[in-house]
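Have a look at the structure below before the remarks.
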Amino acid sequence: MELVTRKLSDITTNSEYLRTDTNVDTLKKSIENIGLINPITINKKNELLAGARRFQAMSELGWTEAFVNIVDKDTLEQELISIDENLVRTPLSKLEFENCLNRGREIYEELNPSANKIDLSNKGGDTEKKQKLKEQEKLDTNSFAAITAEKTGLSKSVIKSAIKRDALASDSVKKARGLGELNASQTNEIIQLDKDTQEKILPLISDKTLKETKKIIKAAKKGGVDAAIEESDKLIPLPKEYTLLKSPLKRVNKNLSRILLEELKYNGPEQQVFNKEMLELKENLERYFQMIGENN
């Protein structure tokens, strides 16, 4: 890698991984105070490979030239440099992050044919198989997931799951994730199906919980789309209000049981407020049981 100076006006920003439209005010202050610690990286054609935010900051500060690292690599290696920069330095959306990881994996495995390959199958497995995979993962030091884990601080399993979501998800599933209609856990389930089946199953799970999603996907794996539809029709959706109440209700019951068991009394300044809330809870519970009693 060669370190020289270049006019900023001569440097082009053609890489799809570069982000030159972010807020760099803090970075500008840092450069003004202590200068440019890490030079940007370009290729022999003066194309920017890494350091888009630094390039943007220098441009906005009015710099006309700066030190640059020049790399003499082939096209794939240049692309991998840009991807690494994105993964380590730039905040990305979930889908952008997963796409960068998967593309980085493709390039790394092509450039390093002897490295451990990431298994893109996602058919699940029994406990013994899962344990074996965990043991292999611990010993893995040269796969793309392993080297990226060292750079990003993420675990190898998190990186592998993200790569699978990008590699195995259909276009509609990715779009649903981008719109917030599916979370990562639901996506991990649906990508166990082929992409054509994913397209047909997606409408069945977009409003379902993870537990319900797992049931539908399990039915689809056994009996296809028709079985998944049948399973979906059996499920009575839990209203949002009930879902929001589940965890707090468990905590209330746990703490109330402890208070009663220990006969823990309170006579402090908040006693009246606390008692008022408890009475309101009691009234609501009585009305709730009256309601479900009438419905049953």
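The values are calculated or read from the model by the stated rules, or taken from the named source; none is laboratory data. Fair warning: this is a prediction, and the values are worked out from it, not measured in the lab. In this analysis, Cβ positions are derived from the backbone assuming ideal geometry, glycine residues included, and neighbour counts consider all displayed protein chains.
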- Query: Taking the condition more than 29 Å from the chain's Cα centre (by Cα) and among the basic types (K, R), does K246 pass?
  - Reply: no
- Item | Contacts under 9 angstrom Cβ, first residue in the range 16-39 being within 14 Å of S59 (Cα to Cα) and in contact (Cβ under 8 Å) with a residue 12 or more places away in the chain, partner of a type in the set (S, T, Y) and part of a helix (DSSP H, G or I), 6 or more apart | T20/S59
- Message: With the structure loaded, tell me whether L95 is in contact with an Asp or Glu (Cβ under 9 Å, 6 or more places away or on another chain), closer than 30 Å to N188 by Cα and modelled with pLDDT of 85 or more or whether it fails that test.
- Response: yes
- Residue check for E181: part of a helix (DSSP H, G or I) and of a type in the set (D, E): no
- Task: Those residues that are over 25 Å from the mean Cα position of the chain (by Cα) and among the aliphatic types (A, V, I, L, M), I need them from the range 77-114; list them, please.
- Result: L111
- 3 or more residues touching a Phe, Trp or Tyr at 6+ places or on another chain (Cβ under 6 Å), of a type in the set (S, T, Y) and surrounded by 10 or more Cβ atoms within 10 Å (Cβ to Cβ): qualifying helices (runs of 4 or more DSSP H) within the range 186-296: none
- Message: Being among the aliphatic types (A, V, I, L, M) and under 26 Å from S93 (Cβ atoms) is the filter here; which residues of the range 17-41 pass it?
- Response: L18, V24, L27, I40
- Task: Please specify each residue of the range 46-77 satisfying the condition of being free of Cβ contacts under 8 Å to residues at least 12 places away in the same chain and under 16 Å from E16 (Cα atoms).
- Result: T75
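Okay, residues lined up against (1) crowded, with 18+ Cβ neighbours inside 10 Å; (2) among the aliphatic types (A, V, I, L, M); (3) touching a residue at least 40 places away in the same chain (Cβ under 8 Å):
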site: E79; (1), (2), (3): yes, no, yes
site: E85; (1), (2), (3): yes, no, yes
site: L92; (1), (2), (3): no, yes, no
site: N112; (1), (2), (3): no, no, no
site: K117; (1), (2), (3): no, no, no
site: S143; (1), (2), (3): yes, no, no
site: K164; (1), (2), (3): yes, no, yes
- Message: Can you tell me which condition S59 does not meet? The list is (1) at pLDDT 85 or above; (2) on the phi > 0 side of the Ramachandran plot, and all the others hold.
- Response: (2)
